[in-house]
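Student: Take a look at this one; I'll ask things after.
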Amino acid sequence: MSEEKGSFSGKVGFVLAAAGSAVGLGNIWRFPYLAANQGGGIYILTYVILVVFVGFALSLTETALGRRTGKSTLKAFGALDRKSGWMGVLPALVPAIILPYYSVVGGWVVKYLGSYLTFNGAELISDSFFGSFISSPYSPLIGFALFFVVTSVIVSFGVQKGIEKASRFMMPILVVLCIGVAIYTLTLPGAMEGMKYLFVPNFSQFSFKTLFSAMSQMFYSLSLAMGIMVTYGTYMKKDVKMDTAIAQVAVFDTAIAILAAVMVVPGVFVFSGGNPEALNKGAGLMFVTLPKVFASIPGGDFVGILFFVLVLFAALTSSISLMEAIISELMEIKQMSRRKACVIVSIYSLALGSLASLGFGPLSFIKLVGFTIFDFMDFASNNVMMPVAALIICIFTAWIIKPETFIDEVKLSSTFKVQKIYSVVIKYVAPVLILLVLITSVMEGLGLISY
Ligand code: PFF
């Protein structure tokens with residue numbers, strides 16, 4: 001049985017839901033450590049320039065593709081050009097790979113929040129806690145299942161009653177918590193040194209690595225090249241000013257990423273006595289170092305609760321967008337009801353996510369091209385599929401249907417003052433940069449180059 005797909009109530013609904021998708025673990029967990037260990041100010045500057053000149057154009061393109069055709073990724077390309085239908089396959093597959101392992105990390109956040117809420121924050125600070133937790137067989141699966149069930153229930157309520165409502169509730173709380181925690185870390189003695197380290201640009205630290213890693217972070221952070229903005233575009237009403245809405249989402253996402261860096265970096269900096277090495281912890285920064293920081297400051301357990309609530313909300317609004325992208329495809333191609341699609345996607349994600357989680361422990365003997373199951377899913381989606389999908393979207397827009405098609409769509413409801421720049425970016429700037437990102441990230445992922 002087919003079902004009405006629904007739509008957002010208006011611009012605010014769209015912006016909150018799309019910003020909810022964009023603001024996630026990428027902003028709070030990944031951006032701070034990238035910014036910190038890749039030159040601070042210069043990284044942030046590069047990132048902001050890329051968002052303005054490339055991210056905005058790509059996000060707008062995907063949203064316009066969705067609103068113009070009314071179709072999710074798998075059918076949208078073919079709806080504009082019959083021969084290009086195949087181009088939607090890859091971007092449509094990306095969320096199906098990300099959702100299970102993203103929810104595994106969501107489960108870790110649930111566990112950490114649970115520990116703080118039950119006054120067990122102290123267990124999180126031992127060096128071995130994180131490693132032994134994620135490699136234990138059952139405990140991470142419980143958090144994962146809880147996180148996933150909440151995601152699935154929200155999505156099952158539909159676009160307005162589920163996704164928009166949840167975003168309207170969670171996003172304002174997230175912003176307040178972000179500001180609150182950032183102000184708190186700034187009051188720590190020595191925090192200003194950390195701020196200087198983070199924000200004063202040192203141009204001698206700029207390299208191609210800065211550019212490429214800022215570029216792939218931008219894709220991930222703005223939820224690009226994975227069908228999400230296409231899907232959300234189909235839910236955007238024709239009278240909504242698309243260019244300002246997308247600009248607001250991009251500003252929102254970037255502001256939260258920078259605020260997250262303000263929350264995390266000065267605290268770690270103070271805690272480590274100004275040693276930049278302490279910031280170089282990757283995944284461990286949020287799950288290993290931050291709990292120690294919280295334990296070392298007055299009222300830290302309470303800050304820990306606030307911090308992990310905000311991470312949880314950020315992760316949830318992102319995972320619902322990932323799930324929605326898959327659900328909308330199923331509803332469209334298989335004429336399936338929302339509820340049935342939710343059940344199928346839940347079974348699939350719970351199975352694949354469990355494998356990814358167990359891949360750190362009992363299934364650690366399974367290696368795919370040298371990666372654990374989790375890392376393989378991460379590598380395949382972020383380093384390979386997303387840049388290829390982004391390239392396909394640019395080529396389709398620039399050379400097959402021409403940027404004017406989307407410019408007309410945007411102009412249905414706004415004057416679109418920057419249309420010339422948009423055309424140049426989508427035809428030349430974005431494809432060249434994306435190609436470079438693709439080549440370097442595949443080579444880096446396979447260990448063929450290291451910076
Ligand atoms: N943009 C989200 C973040 O920065 O964490 C993550 C994300 C959401 C990634 C949706 C992928 C995605 F499809």
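Values in this text are rule-based calculations from the coordinates and carry no lab data. Predicted model, so just to flag it, every value in this text is computed and none were measured. Using ideal geometry, Cβ is built from the backbone for each residue, glycine included, and neighbour counts are taken over all protein chains shown.
Student: Mean separation of Cα pairs under 8 Å and 6+ residues apart, divided by the residue count of the chain: what relative contact order is that in percent? Provide the component values of the computation, followed by the final result.
Tutor: Numbers: 729 pairs, mean separation 152.4, N = 451.
Relative contact order here is 34 percent.
Student: Still on this structure: Select from the chain the helices, each a whole stretch of DSSP H, whose alpha-carbon atoms run 15 Å or more along the helix axis and whose Kyte-Doolittle mean is at least 1.0; answer none if there are none.
Tutor: Length and hydropathy pass: 11-22, 89-117, 139-156, 165-186, 242-271, 300-333, 338-358, 430-445.
Student: Something else now. Determine the gain in length on full extension of the stretch Lys402-Asn275; use 0.36 nm per residue of separation and subtract their C-alpha separation, reporting nm with one decimal.
Tutor: Working: separation 127, 0.36 × 127 = 45.72 nm, distance 5.05 nm.
Length difference between fully extended and current span is 40.7 nm.
Student: Say R0 is 41 Å: what FRET efficiency, to the nearest 0.05, do Ser128 and Asn202 get from their beta-carbon distance?
Tutor: Working: r = 35 Å, r/R0 = 0.86.
About 0.70, to the nearest 0.05.
Student: Moving on to the next point. For the stretch 36-88, what relative contact order do you get, as a whole percent, if you take Cα pairs closer than 8 Å and at least 6 residues apart?
Tutor: On the way: 29 pairs, mean separation 9.6, N = 53.
In percent, rounded to a whole number, it is 18.
Student: Return an integer: the convex hull volume of the alpha-carbon atoms of the stretch 39-126, in Å³ per residue. Mind dumping the intermediate values first?
Tutor: Working: hull volume 15.4 nm³, N = 88.
Measuring per residue, one finds 176 Å³ for the Cα hull of the stretch 39-126.
Student: Something else now. Full extension from Lys241 to Val153: what is 0.36 nm times the residue separation minus their Cα-Cα distance, to one decimal in nm? Kindly include the intermediate steps, with their values, before the conclusion.
Tutor: On the way: separation 88, 0.36 × 88 = 31.68 nm, distance 3.03 nm.
That works out to 28.6 nm of additional length.
Student: Between the stretch 152-178 and the stretch 208-280, how many Å separate their Cα centres?
Tutor: The stretch 152-178 and the stretch 208-280 have Cα centres spaced 19 Å from each other.
Student: Just from its helices, what would the mean residue ellipticity at 222 nm be for the chain, if runs of 4 or more DSSP H residues each count -39500 (n - 2.57) and the sum is divided by every residue, rounded to the nearest 500 deg cm²/dmol? Walk me through the numbers before you get to the answer.
Tutor: Working: 21 runs with 296 residues, N = 451.
Mean residue ellipticity, 222 nm, calculated: -21000 deg cm²/dmol.
Student: Also, quick follow-up: What's the center-to-center distance, using Cα atoms, between the stretch 301-376 and the stretch 1-73 in Å?
Tutor: After rounding, the separation between the Cα centres reads 19 Å.
Student: Shifting gears a bit: Classify the stretch 249-354 from the C-alpha gyration tensor, please: rounded if a/c falls under 1.5, else prolate or oblate depending on whether a/b exceeds b/c. Spell out each step's value before the answer.
Tutor: Values: a/c = 2.98, a/b = 2.48, b/c = 1.20.
Because a/c hits 1.5 or more and a/b exceeds b/c, the stretch 249-354 counts as prolate.
Student: For Leu117 and Tyr138, what does the FRET efficiency come to when R0 = 25 Å and r is the distance between their Cβ atoms, rounded to the nearest 0.05?
Tutor: Details: r = 20 Å, r/R0 = 0.79.
Rounded to the nearest 0.05, the efficiency is 0.80.
Student: Across the Cα atoms of the chain, what radius of gyration and what greatest pairwise Cα-Cα distance (Dmax) are found, in Å?
Tutor: Cα-based Rg and Dmax for the chain come out at 20.9, 63 Å.
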